[in-house]
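What follows draws every value from the coordinates through simple rules; no lab data is involved. Fair warning: this is a prediction, and the values are worked out from it, not measured in the lab. So basically every Cβ, Gly included, is an ideal-geometry build from the backbone, and we count neighbours across all protein chains shown.
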């Protein structure tokens, strides 16, 4: 029997998901890099001085900076910035995994996105990073049984960033959510660490059934733009799903699939497609 905590492989053995496994990320070093780039921009771009001071240089750590950035983006009549800032900051600082996850996400984006020059850029400008960071706040609130507030933040993510992630979904660290527009994640979905996801990807259900009904995406997976993965299917470690594919059955580890419905086209040419970010369907011939 599959559960949120243990997914069984084809041999029937329990295979617990690896979500935010321990990592040697140096949060203080990431924060120092953010500050260094912020100081440089403040000197070069006078029009951004207020933003830089408000979001980065006026803060002692990544956690408070993240709270300030998210509050600035999402403030509205429902909840003002003065109300949002302490709520977000208290939640972020009260759950150390949020700051650690943010640092690992920033590092993943810098390493995998050739358009990103520093960890400051996602914090200021990349809505994929901001959307998944807000999800992490909502997920923490969900775990504390503050579900109405979690839903509120989930709805804000949808309205502001065009990303729809259920706060109960389980998402690991080192996630690159590139472009992000129209990314949808259902309630019981699980995304392990070190996964890269392009825009318009859906991790959805197939009907009105309850229980575990959304996909499990293992580490190292690359999900191409527009991929739709439906039902409690498992995308194996190091697999690649081609752009525009519709996946309705399990995908074996280190396998490349494409098409509607998705079919196996070979073995992934990379050990970890998520890290290489090669969205072409180049693959080794299957033995």
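Here are some notes:
- Against the chain, whose longest principal axis is taken from its Cα atoms, helix 62-74 shows a tilt of about 90°.
- Helix-derived mean residue ellipticity, 222 nm - over the chain, DSSP H n ≥ 4, -39500 (n - 2.57), to 500: -11500 deg cm²/dmol
- Convex hull per residue volume in Å³, alpha carbons only, for region 172-287: 85 Å³
- Helix 27-44 vs. the chain, principal-axis angle (Cα, 0 to 90°, nearest 10): 60 degrees
- Were the residues from residue 83 through residue 152 laid out at 0.36 nm apart, the gain over their Cα-Cα distance would be 23.5 nm.
- Here region 20-162 was treated as a single set of alpha-carbon atoms; its pair distances binned every 5 Å from 0 give 2, 10, 20, 24, 22, 14, 7, 2, 0, 0 percent.
- Sites residue 53 and residue 280 - FRET efficiency at Förster radius 35 Å, r taken between beta-carbons, to 0.05: 0.25
- With both residues required to sit in region 172-287, DSSP beta bridges show an antiparallel share near 25%.
- Working ranking of peptides 195-207, 221-233, 36-48 by packing, defined as the average number of other Cβ atoms within 10 Å per residue, highest first, is 221-233, 195-207, 36-48.
- For the chain, averaging the sequence separation of C-alpha pairs within contact (under 8 Å, six or more residues apart) and dividing by the residue count gives a relative contact order of 11 percent.
- Principal-axis analysis of the Cα atoms of the chain puts helix 127-143 at an angle of about 80° to the longest axis.
- Rg ratio (alpha-carbon, reference 2.2 N^0.38 Å) - the chain: 1.00
- Alpha-carbon Rg/Rh ratio, for region 78-121, with Rh computed the Kirkwood way: 1.13
- Restricting attention to the chain, close to 25% of DSSP beta bridges with both partner residues there are antiparallel.
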